[in-house]
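Notes follow once the structure below has been shown.
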């Protein structure tokens, strides 16, 4: 993984956020809070990711809560 993605310093941050969100969706609020608190105390920061989609052969790039194409 480090050879393919050398810029990623801690790949577990995104996994922890995903796990916390999964717990929240299952109403396991205590488990989700434990993970979120641990991430906050460790000053972990999740890098903003981008997504791409193609519409009519034109590619659009966006991120969460992006309203530039609305």
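The values are calculated or read from the model by the stated rules, or taken from the named source; none is laboratory data. This one's a predicted model, so the numbers in the text were calculated from it and none came from an experiment. Quick reminder, even Gly has a Cβ in these numbers, built from the backbone with ideal geometry, and neighbours come from all protein chains shown.
Details
- Residue count for segment 36-66, restricted to those that are within 17 Å of residue 12 (Cα to Cα) and more than 14 Å from the chain's Cα centre (by Cα): 6
- Taking segment 37-70 as the range and being modelled with pLDDT of 90 or more and either assigned to a helix (DSSP H, G or I) or surrounded by 10 or more Cβ atoms within 10 Å (Cβ to Cβ) (or both) as the test, only 37 passes.
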